[in-house]
Amino acid sequence: MSSSTLSPRITAPTRTEGSTHRHGRGFWLISLAFLTAMAFSTVPAPLYPLYMARDGFSTFMVTVVFAAYAVGVVISLLLAGHVSDWVGRKKILIPALALEVVAAALFLSDPTLPVLLLARLVTGLGIGMVTATATAYLHELHTAHRPGASRQRFEVVSTAANIGGLGIGPLIAGFLAQYVDAPLRTPYLVFVVLLLASIAAVALTPETVEERLVRPTYRPQRISADHGDQAGYVAAAAAGFASFAVFGLFTSVAPGFVGGALHLPSRLLAGAVVFAVFGAAAVAQTLTNRLPAPTKVRLGLLGQAVGVPTLLFGMHTADLTAFLVGGVLAGVGAGVLLKAAIGTVAAMAAPARRGEALAGLFLISYLGLSLPAVGIGIATRTVSTVTAMTWFTGLLLVMLTGVAVLFRRSTGTRPRTPSRRGA
């Protein structure tokens, strides 16, 4: 069987005003659906202290619940994150959003701990399908709408929907939990409506992948660096891991720290803290849009290298201002670094393997989201949260150094050696 038979084809729409308009409209519909799904995934963040108070959870159990989400994402990316390359984007994205609706229904059932774990697992299963598929879908809709144009709009919108959504979810949930009745139910009711609207939006968007009658033999997602520039892919994956490690820290641990160690129980404040980090990341991604990739990498690494120690200082001194400033700086760094990673992978991957390449990137990134957070949760069983964060900061700085070395080898930013060029 020839390789051309096994490769999906990206639909080449007829260049008419109507088709251009449909793909342009579809680009924004998928952006909103992507943002909604990502926002739903972080809705529980400011609500964890309420679950802790209701059911007697420890910080460790919160990280276990958070880990259930990350496990769902990883399983989904392994099993289905790349399948949209074969069957089409819509056939994966609509079921993925439906899984988010199922998860919302589980949250609305007044869950005990096992049901809460299941709800987070199902959320992760849906998000794993959404992340790579929606990113590839946006790239193709952008290209169909504006052939030959710069990728900047795609990069800004896709990363803003991803990271901005992660920040908007806690802000909405924190506001509703603070000012409306039934704080453990109302946020999920709101998102059920938004998710159903997102399914309708996807259904109205033109498909960009032509499904093949003859498909390749199914296999789980491979983690492969064979996407044009192996060194560049490895560097991007390492950057994604480091960036999501910072995001995972805030999503799982920060609300409990604000309510506990800082004695500030406001659910709106807890949501605003998480929003500040993700919001700063999304804004930074937009403001750095025209910068070359090596500059983005350096800014991203610097932001995290300065921000996380500043955050740690705020935790040691119980200073909310230092904690927030450090979080915002770390969020800026993580957002810019993640944007550089996604743009690098989307550009280097062949169209027929773009979903696979992005799924591999997000698979490694979501390991970064889960492993450090769970590690901190385990550590808090024997040491304080501040001590665990001190260890995390040291490991992160080592990791960022490794990312810098990898990018220098892959992006041509190493200093030239004139002696070898005869200069």
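Data table
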item: Any hit, the range 180-191, residues being hydroxyl-bearing (Ser, Thr, Tyr) and under 23 Å from the mean Cα position of the chain (by Cα); result: yes
item: Residue that is under 14 Å from the mean Cα position of the chain (by Cα) and either open to solvent by 10 Å² or more (accessible area, probe 1.4 Å) or not hydroxyl-bearing (Ser, Thr, Tyr) (or both), where the choices are Gly72, Gly56; result: Gly72
item: Pick from the range 80-102, criterion hydrophobic (A, V, I, L, M, F, W, C) and more than 18 Å from the chain's Cα centre (by Cα), ranking: most open to solvent (accessible area, probe 1.4 Å); result: Val102
item: Spans of helices (runs of 4 or more DSSP H) in the range 241-354 with at least 1 residues of a type in the set (Val, Ile, Thr) and in contact with a His (Cβ under 9 Å, 6 or more places away or on another chain); result: 320-348
item: Check on Gly18, part of a helix (DSSP H, G or I) and either at pLDDT below 80 or over 27 Å from Gly259 (Cα atoms) (or both); result: yes
item: Unique match (being in contact with a Lys or Arg (Cβ under 9 Å, 6 or more places away or on another chain), open to solvent by 10 Å² or more (accessible area, probe 1.4 Å) and among the hydrophobic types (A, V, I, L, M, F, W, C)) among Ala340, Ala322, Ala347, Ala318; result: Ala347
item: In the range 115-134, residue farthest from Lys91 (Cα to Cα) [restricted to those that are open to solvent by 10 Å² or more (accessible area, probe 1.4 Å) and touching a residue at least 12 places away in the same chain (Cβ under 8 Å)]; result: Leu117
item: Meets criteria (touching a Pro at 6+ places or on another chain (Cβ under 9 Å), open to solvent by 30 Å² or more (accessible area, probe 1.4 Å) and either closer than 14 Å to Val122 by Cα or at pLDDT 85 or above (or both)) for Leu29; result: no
item: Residue in the range 280-300 that is small (Gly, Ala, Ser) and under 23 Å from Thr59 (Cβ atoms) present; result: no
item: Options Ala98, Ala67; residue that is in contact with a Gly (Cβ under 9 Å, 6 or more places away or on another chain), part of a helix (DSSP H, G or I), in contact (Cβ under 8 Å) with a residue 40 or more places away in the chain and farther than 30 Å from Ala388 by Cβ; result: Ala98
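The values are calculated or read from the model by the stated rules, or taken from the named source; none is laboratory data. Keep in mind it's a predicted model, so treat the numbers as computed, not measured. Cβ atoms come from the backbone with ideal geometry, glycine included; neighbour counts cover every protein chain shown. Protein only, heavy atoms only, side chains kept; ligands, DNA and RNA dropped before computing areas. Shrake-Rupley method; radii C 1.70, N 1.55, O 1.52, S 1.80 Å.
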